[in-house]
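The values are calculated or read from the model by the stated rules, or taken from the named source; none is laboratory data. Because the structure is predicted, anything quoted here is derived from the model rather than measured. Heads up, the Cβs are rebuilt from the backbone with ideal geometry, glycines too, and the neighbour counts pull from every protein chain shown.
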Amino acid sequence: MQHTRNQDTLVGLFVASGIAGLFFLAMHVSNLSSFSDEDSYTITAKFENSGGLKVKSPVSAAGVKIGKVTSITFDPKTYKSVVQLSINSKYNTLPDDTTASVFTAGLLGEQYVNLEPGGSDTYLKKGGEIEITQSAIILEKAIGQFLFKSAAEEKK
Amino acid sequence: MDFIEGLGRSSRISFNKLGRATHFLIQTISGVMSVLMRPRLLTKQLYSVGVMSFLIITISGLFVGMVLGLQGYYTLSDFGAEETLGVMVAASLVRELGPVVSALLFAGRAGSALTAEIGLMKATEQLSGMEMMAIDPIKRIITPRFLAGLISMPLLAGIFSAVGIVGGQIVGSGLLGVDEGAYWSQMQASIDFYDDIINGVIKSIVFGFVASWIALFEGYDAIPTSEGVSRATTRTVVNSAFTILGLDFILTALMFGDH
């Protein structure tokens, strides 16, 4: 009888450590703890060019992650890229003249949306739109312009 | 002509075996309710299948994580991207290595033991003895072991990945000087709960299902001699490895294909 009881304890320990392992993966390794969709609000921003931005790319202000990109669609009327940003509701005091720009983390890092708050007293609400946007810098375009410029200078 | 004849015969034999295996699986699953009424049968098998595999899984997980930490560091430091070490270690463990390596170890450690046990039961006519006593050997012997394998596998894979990630952190930030905060925060930013962790768990459940099925069927189907049991044990390990790796490819293509 003693033997079976020991066995039961070990089985209990095994199941508990397995669940602890999975729990550790969920809470400590994945992004489950950082944001859930329930306590967030959505705003839109229209970019001339959203570059390599992807769904789930981070949205940050002053270097701190405050939300994520939830959808990117092409508007066939204005020929712009419509990006939906889901912002954590803790940060509901973004002014309505906030500037949104697509930046790259490091030279080759992933692209993210950076929000630069303006000075207005009215805040962006749920479903609001950011009007001042700055497109992604396309590296090929920048290099092309630079080459053209230096070639033109050489001719002079 | 001999070749074609042989081909036909061997394919008929393998389809026949697949059919018997499917029949066996259906019988096994139909016994689930009666096992759940007697949980003691299940805990006993959880002990011999799960607890006995715990140590090998933990130690292998630790070393796999540490090796990933070292190799990842050497490669990533060429690009000056050591901070993403955590992402690399966690993504490879949670998506692939955790489920696959723990399933292979499981097939070697627990699957071979199951086959040998059931093959010997058959060879010593214990299974026929049970039938004589009007006890269904599938419900009494096979189903508890099958369920134990199915439950243990995701838990073992979870332990493997968790220990491996900690092992990678020990090597990465303990020995090689990657920033510990960056290791964890980059990992949390890139690993998605549903895309990565849940898919990894689904993989390990599928592998547990397949590995236990193969091990139990090979034992049940073994030729009841000592040679037959030894062959069945070998087949268990070889077939489980093939099936796990093949299924892993299919599951990966299905799960991670849309990125």
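From (1) in contact with a Lys or Arg (Cβ under 9 Å, 6 or more places away or on another chain); (2) within 15 Å of A:ILE137 (Cα to Cα); (3) not hydrophobic (A, V, I, L, M, F, W, C), pick out the condition that doesn't hold for A:SER86.
Status for A:SER86: all satisfied but (2).
Identify the single condition in (1) in contact (Cβ under 8 Å) with a residue 24 or more places away in the chain; (2) farther than 30 Å from B:LEU127 by Cβ that B:VAL237 does not satisfy, given that it satisfies every other one.
(2)
Could you look through region B:14-47, keep only residues that are surrounded by 18 or more Cβ atoms within 10 Å (Cβ to Cβ) and within 14 Å of another protein chain (Cβ to nearest Cβ), and pick out the one that is nearest to B:LEU114 (Cα to Cα)?
Looking at the filtered set, the residue picked out is B:GLN45.
Would you call B:ALA81 surrounded by 14 or more Cβ atoms within 10 Å (Cβ to Cβ) and modelled with pLDDT of 90 or more?
no
Is at least one residue of region B:200-215 within 14 Å of chain A (Cβ to nearest Cβ), in a helix (DSSP H, G or I) and surrounded by fewer than 17 Cβ atoms within 10 Å (Cβ to Cβ)?
The answer is yes, given that some residue of region B:200-215 is within 14 Å of chain A (Cβ to nearest Cβ), in a helix (DSSP H, G or I) and surrounded by fewer than 17 Cβ atoms within 10 Å (Cβ to Cβ).
I'm trying to understand the selection: among the residues of region A:85-119, which are of a type in the set (A, V, I, L, M, F, W, C) and modelled with pLDDT under 80?
Looking only at region A:85-119, we keep the residues that are of a type in the set (A, V, I, L, M, F, W, C), and these are A:85, A:87, A:94, A:100, A:102-103, A:105, A:107-108, A:113, A:115.
Hits for region A:85-119 are A:ALA105, A:LEU107, A:LEU108.
When only residues in region A:1-38 that are more than 9 Å from chain B (Cβ to nearest Cβ) and at pLDDT below 75 count, which is surrounded by the most Cβ atoms within 10 Å (Cβ to Cβ)?
A:PHE35
Could you look through region A:81-98, keep only residues that are out of contact with any Leu (no Cβ under 6 Å at 6 or more places or on another chain) and either within 12 Å of A:THR44 (Cα to Cα) or among the aliphatic types (A, V, I, L, M) (or both), and pick out the one that is surrounded by the most Cβ atoms within 10 Å (Cβ to Cβ)?
The qualifying residue surrounded by the most Cβ atoms within 10 Å (Cβ to Cβ) is A:VAL83.
Just one of A:VAL69, A:VAL82 is of a type in the set (A, V, I, L, M, F, W, C), assigned to a strand (DSSP E or B) and within 14 Å of another protein chain (Cβ to nearest Cβ); which is it?
A:VAL69
Being farther than 13 Å from B:GLY72 by Cβ and within 13 Å of chain A (Cβ to nearest Cβ) is the filter here; which residues of region B:165-179 pass it?
Scanning region B:165-179 gives a single hit, B:VAL166.
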